[in-house]
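Take a look at the structure set out below.
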Amino acid sequence: MNFDLCPCGKNIEYNNCCGAIHLSKVKAVTAENLMRSRYVAFTLADGDYLMKSHHSSTRPLSEKKSIVKWAKSVEWVKLEIINTTKGLENDTEGTVEFKAYFKRKGELQFIHENSTFVREENKWVYLGMK
Ligand SMILES: [Zn+2]
């Protein structure tokens, strides 16, 4: 296993994939890319990025600490993108349905969510569950 590969599931090195988005070197071109970068931020327990990539109207600042704590408490396994609507380069909104798998106390679990993404200041951000 190559640990430099991005945990988002694309066969690309982290630094050239979600890592570049995390460092604001490049923007997420699609809602799906933003979603992938948020999943990877969960695997890294990167609370700052999780807040930054959240729409300002729904940003859960008061929950940041508990989100980071939870993200660290599980073992992230993989992200599966199930379906997307819109969310492309020329769209202003879109949805991404995904499953994020993790192990908790050795037991495989997953989050299954259909998320809504919109643009804020011309960047894709997570708005919330559909
Ligand atoms: Zn990635």
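Could you list, in sequence order, all residues of the stretch 13-25 that are closer than 21 Å to residue 116 by Cα and of a type in the set (A, V, I, L, M)? Give the derivation first.
Let us first name the residues in the stretch 13-25 that are closer than 21 Å to residue 116 by Cα, namely 18, 21-22.
Of everything in the stretch 13-25, just one residue is closer than 21 Å to residue 116 by Cα and of a type in the set (A, V, I, L, M), namely 21.
Checking the conditions here, which among 45, 28, 41 is among the small types (Gly, Ala, Ser), within 12 Å of the chain's Cα centre (by Cα), on the phi < 0 side of the Ramachandran plot and not in a helix (DSSP H, G or I)?
The conditions single out 28.
Go through (1) within 13 Å of the ligand (Cβ to nearest atom); (2) over 15 Å from the mean Cα position of the chain (by Cα); (3) open to solvent by 80 Å² or more (accessible area, probe 1.4 Å) for residue 61 and report which single condition fails.
(1)
Can you tell me how many residues in the stretch 1-26 are surrounded by 13 or more Cβ atoms within 10 Å (Cβ to Cβ) and basic (Lys, Arg)?
Number satisfying all stated conditions: 1.
What strands (runs of 3 or more DSSP E) lie completely within the stretch 55-130 and have 2 or more residues being without any contact (Cβ under 8 Å) to a residue 40 or more places away in the chain?
75-86, 93-104, 107-120
For residue 24, are the conditions met, namely being more than 10 Å from the ligand (Cβ to nearest atom) and of a type in the set (S, T, N, Q)?
Yes: the conditions hold for residue 24.
The values are calculated or read from the model by the stated rules, or taken from the named source; none is laboratory data. Everything numeric in this text was worked out from a predicted model, so none of it was measured. Because the Cβ atoms are built from the backbone with ideal geometry, glycine has one as well, and the counts that use them run over all protein chains shown. Note: areas computed on protein heavy atoms with side chains; ligands, DNA, RNA excluded. Shrake-Rupley method; radii C 1.70, N 1.55, O 1.52, S 1.80 Å.
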